[in-house]
Structures are given as C-alpha cells and as structure tokens.
Amino acid sequence: RFEKESIRCLSVLERRLEGREWLCGPGGGELSLADLSCYGYASMHWWTGIDVSGMPNLRGWLERLRGRESIMSAALVPGVSVFGERGPTFEDLRTDVGLQRRIEESAAAGGRPFFGWRDIALLLADRLGATEVPFSSHTAVPPTAERR
C-alpha cells in the first residue's frame, strides 16, 4: 500500500516537472519552498525501494537541487539524523551505495525482507554506542495485548 502511494507521489512530481525546472511559478518555474519541501522525500527513493530510472524529469530536478550549494550544506549537517553527530547524515543515506548495500544485507541476514532503522542501528552500534533502535517505541500494540 505504501509503496504504491510512494510511486504515485513521485509520479505526480514527474508529471509536474514535464518541461519545467521547478515545481511552482510561471513558465519553467522558480525555486520555491515547494521544491525544498519535496526534495527530502523524493531524494530518499532508495529508502522506499523505488526505481526512478524511468522518471527523467524527477531525476533532473533532483540533480538541479543537489547542485545548489545551500541544499548540499544543509544535507551534510551532522546530527540531523536520529543517530546524532556520529551517525550518518541524510546525504550519506541517500548517496553512499556501500552503506546502502550493508543496510540491505543486514536486513537479509536478519531474515527481514525490508530494511529499516533497526538495520542502521545494528550496523552502526559499535560506532554510535547505540543501545536502542530509533522509533522502536512507535510499534503497534497487538490487539490482544493488554493496554495500560
């Protein structure tokens, strides 16, 4: 369900960017808050497992945004991830193919078909001194479990 919705959202961006540089504004558009707001989500397509190779407008838009010094400066700020200053930046997660491969392998070794925060935490536990998995408190309570 979420994969289909992610593909739908990225497809909306792909269609909107047809013949345009940016999402909003007359003509080819102008860089705006809309572009900045959508960038983080769209640039993490690897995390959702979505192949964007068939979305040339989206890929070009992502490259234009990555080419902006201010975007790269923000993406490289340490400590913006839930892992703190010693953890990977979002830019690391987005572009480091070796890190991505190790995260995917961690999930596979654990018998999980999908990867997530747990795999990053396990992979980086020594470096980070992590004892808890980020967002692990967000798991659903089984319907039969007693609620307090």
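How do the helices (runs of 4 or more DSSP H) wholly within segment 40-136 filter down when requiring 2 or more residues that are open to solvent by less than 30 Å² (accessible area, probe 1.4 Å), under 25 Å from Phe2 (Cα atoms) and at pLDDT 85 or above: which remain? Walk me through it before giving the result.
Working: elements: 45-48, 56-66, 69-75, 90-95, 97-109, 117-128.
Correct list: 56-66, 97-109.
Of all residues in segment 95-122, those that are of a type in the set (Ser, Thr, Tyr) have Cβ atoms under 6 Å from Cβ atoms of residues that are open to solvent by 20 Å² or more (accessible area, probe 1.4 Å), 6 or more apart or on another chain, in Ser106/Leu122; Ser106/Leu123.
Among the residues of segment 10-23, those that are more than 19 Å from Arg66 (Cβ to Cβ) and open to solvent by 40 Å² or more (accessible area, probe 1.4 Å) comprise Val12, Arg15, Glu18, Gly19.
When segment 17-34 is examined, which residues are found to be in a loop (DSSP other than H, G, I, E, B), touching a Cys at 6+ places or on another chain (Cβ under 8 Å) and among the aliphatic types (A, V, I, L, M)?
Result: Leu23, single match.
The values are calculated or read from the model by the stated rules, or taken from the named source; none is laboratory data. What you see is a predicted model; the values in this text were computed from it and never measured. Every residue, glycine as well, gets a Cβ built from its backbone with ideal geometry; the counts of neighbours run over all protein chains shown. Remember, those area values only see protein heavy atoms, side chains included, never the ligands or the DNA or RNA. Shrake-Rupley method; radii C 1.70, N 1.55, O 1.52, S 1.80 Å.
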